[in-house]
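Reading through the structure tokens given below for one structure.
Taken together, the values in this text are just the output of simple stated rules run on the coordinates, not laboratory data. What you are looking at is a predicted structure, and each value in this text was computed from that prediction instead of being measured. Every residue, glycine among them, receives a Cβ derived from its backbone with ideal geometry; neighbour counts consider all protein chains shown.
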Amino acid sequence: MKVLERIKLEYGDFHDALVVNFKYDSGFDYSTKEITIDKIKIRISCFNLNKKFSESNELIELICTDINYLNFSKPNSMIFQAFIEKNENEYILDFDPIITSDRETGKDLISKENENSSFIVKCNKIEFNILEQ
């Protein structure tokens, strides 16, 4: 199973999740003066949708590498709903998306990328690890 599919299957849109930690690494090693690929690590306390609610809280770490775009302008640790997609070779993780209701059914919330998002990452590669269950 691909990473994005697994994230969506297990955590959905990160509804009511909490950003616990955010770390950016430019890839520059001061001691060797070498530059490698930049990386962002985002730790999130979230609910695994495939578990009983009382046992569903997990601490995960999303690792985004080869960053194309980052905006972290207004820190807000709560995630109401995230927009997570892959366009061609780029992953989009928008933790402040535009949220609207489905006009046809009137009940489902739909998120889409917010051009003015306060927390968005666009990258070429994404991984994730479960740190605590």
Note, ³J(HN,Hα) from phi for the range 29-45, Karplus 6.51, -1.76, 1.60, rounded to Hz, x at Gly and Pro
9, 4, 5, 9, 6, 8, 10, 10, 7, 5, 8, 10, 10, 10, 9, 10, 8
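Can you give the alpha-carbon Rg of the range 1-120 over 2.2 N^0.38 Å, where N counts its residues? If you can, show how the numbers build up before the last one.
Working: Rg = 15.8 Å, N = 120, 2.2 N^0.38 = 13.6 Å.
Normalised Cα radius of gyration, the range 1-120: 1.17.
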Isolated Cys residues of the chain, judged by Cβ distance under 4.7 Å to other cysteines
CYS46
Just SER26, SER117, SER101 to compare: in a GNM of the chain, with alpha carbon springs under 10 Å, which one fluctuates most?
SER101
Quick one: what are the phi-derived ³J(HN,Hα) couplings along the range 77-92, Karplus 6.51/-1.76/1.60 with θ = phi - 60°, whole Hz, x for glycine and proline?
6, 7, 10, 6, 6, 10, 10, 10, 8, 10, 10, 6, 9, 10, 8, 10
Check which residues have an amide H placed less than 5 Å from GLY27's amide H, if you skip close sequence neighbours.
LYS39
Tally Lys and Arg at +1 and Asp and Glu at -1 over the other residues with C-beta under 9 Å from the C-beta of ILE40: what net charge comes out?
+1
May I ask you to sort ASP25, ASP96 by Cβ crowding, counting other Cβ atoms within 10 Å and putting the fewest first?
ASP25, ASP96
Output the Cα-based Rg and Dmax of the range 2-48 in Å, rounding Rg to one decimal and Dmax to a whole number.
15.0, 42
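Compute the FRET efficiency between THR32 and ASN124 as 1/(1 + (r/R0)^6), taking r as their Cβ-Cβ distance and R0 = 35 Å, and round to the nearest 0.05. Mind dumping the intermediate values first?
Numbers: r = 24 Å, r/R0 = 0.68.
Rounded to the nearest 0.05, the efficiency is 0.90.
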